[in-house]
Amino acid sequence: MNKLKTGKWSIISLLLFFTLFASAAADQKKDSSLNLKIKPDLRIVSVKAERTGLDADGGHRVQVKVTVINSAATRICAGPFLVRLEKRSLPAGYLYLGQESVARLCADPSRAKMATATLSFEDTVPRGVQRVWRATADSAAQVTEANESNNSGESEIYVAKTFCPGVDLVLTKVEIVRNTSGNVFMRAYGRNRCAGSCSSAVKAVFETMEPDEDELSVSQTMGMSTIGLQEYASGMVGVYSRPDRSVTYLVRIALESDSCSDINLENNYSRVTFTAAETNKTVNCH
């Protein structure tokens, strides 16, 4: 009888042990899961290159902007950490370009917009070269993260295009608006499609073609100098208008000075017609 009782209590003790062990294992799993969730998660979300200028030999000066976020599932901060940038001229491999430090980056899922850090790097791409940049967050492994596999990101391929020499002004677009009083206003857009520069200012000229009522042309300065690959826009300029019929205008972009010349005058102008029924209109020119 005593043996039966002893065996019974042994079984109960064993069952109790396994129950406690299973409970402890479940608690440990929950704790491990919780620890995983509260770790920061650094991620490169954008690597973008933008041309900032041209060298005399045709090379492109570019600024590469790298954006990194901490996408943790709860409020937690990471930092300091390094962001490394590498460059690759296709088809060759990657070479080190530089690195910047981020002092602190905090995740807060309660906010509508994630906190980000944007870093800027300078580079020069030789004429005709195709280049890609790769950024890596926490490149020195200073931060213990929930996910270590999403720390890198690449830019799109940047092509250092060659451009024509000299100055070639192009009228690209004309906007026309009629206000509630019936008056008409116009704005001209243009650019220098070539890489040449000169000291001459750039102007927009608005001239009435039809009806022919000896209306004087109206001009406005768009830029104080002519810069390679520069884009220009005039302000809204009041022009001749008619409430009873269509009016046709000749709009052009031109150099104000004879100190330099435009290599192609054929793309400087456009004829634009605005009817009496229209209140606004945009015309793409060249």
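The values are calculated or read from the model by the stated rules, or taken from the named source; none is laboratory data. Computed from a prediction, not measured in an experiment: that's the story for all the values here. Note that we place each Cβ from the backbone using ideal geometry, even for glycine, and neighbour counts take in every protein chain shown. Accessible surface is based on the protein model in full, side chains and every heavy atom, while ligands, DNA and RNA are left aside. Shrake-Rupley method; radii C 1.70, N 1.55, O 1.52, S 1.80 Å.
Brief remarks on what is shown
- At full extension, residue 164 and residue 264 could sit 34.8 nm farther apart than now, given 0.36 nm per residue minus the alpha carbon distance.
- Each peptide in 54-60, 76-82, 64-70 receives the mean, over its residues, of other Cβ atoms within 10 Å, and ordering these scores from highest gives 64-70, 76-82, 54-60.
- Between the amide H of residue 273 and those of 249, distances stay under 5 Å, these residues lying 5 or more places away or on another chain, with hydrogens modeled in the peptide plane.
- Radius 14 Å from Cβ of residue 207, net charge of other residues (Lys, Arg +1; Asp, Glu -1): -2
- Computed from phi, the 3J(HN,Hα) profile of region 223-237 under the Karplus parametrisation 6.51, -1.76, 1.60 (θ = phi - 60°) reads x, 7, 8, 9, 10, x, 6, 6, 9, 10, 8, 7, x, 6, 10 Hz, with x in place of Gly and Pro.
- Cα-based reach from residue 173 at 12 Å (exclusive), listing aspartates and glutamates while leaving out same-chain residues under 8 positions away: 231
- With 19 Å as the limit on Cα-Cα distance, the pairs of 203/281; 87/113; 65/87 that go past it are 203/281; 87/113.
- Positive-pole candidate from 221, 241, 174, dipole of the chain, charges at beta carbon: 174
- Solvent accessible area, Å² - residue 144, 1.4 Å probe, full protein context: 100
- Surface accessible to a 1.4 Å probe, per residue, for the residues of region 30-151, Å²: 56
- Charge dipole (Cα centre; +1 on Lys/Arg Cβ, -1 on Asp/Glu Cβ; no other charges) of the chain amounts to roughly 2280 debye.
- Charge tally in the Cβ shell below 12 Å around residue 270, where Lys, Arg are +1 and Asp, Glu are -1, residue 270 excluded: +1
- Close amide-amide hydrogen proximity is noted between residue 129 and 160, each under 5 Å apart and 5 or more residues distant or on a separate chain (H modeled in the peptide plane; Pro and chain starts excluded).
- Accessible area of region 156-252 divided out per residue, in Å², using a probe of 1.4 angstrom: 49
- Carbon/sulfur fraction of accessible area - the chain, other protein chains in place, 1.4 Å, %: 51
- For region 248-258, putting each phi into the Karplus relation 6.51 cos²θ - 1.76 cosθ + 1.60 with θ = phi - 60° gives couplings of 10, 10, 10, 10, 9, 10, 8, 7, 7, 10, 8 Hz, in residue order, rounded to whole numbers and with x for Gly and Pro.
- Under 15 Å from the Cα of residue 48 - aspartates and glutamates, other chains or at least 8 residues apart: 86, 122, 123, 154, 156
- For region 198-206, Karplus couplings with θ = phi - 60° (6.51, -1.76, 1.60), whole Hz, Gly/Pro x: 7, 7, 6, 6, 10, 10, 10, 10, 10
- Angle between the chain longest axis and helix 2-37 axis [Cα atoms, degrees, rounded to 10]: 20
- Shape summary of the chain, radius of gyration then Dmax from alpha carbon positions: 33.1, 128 Å.
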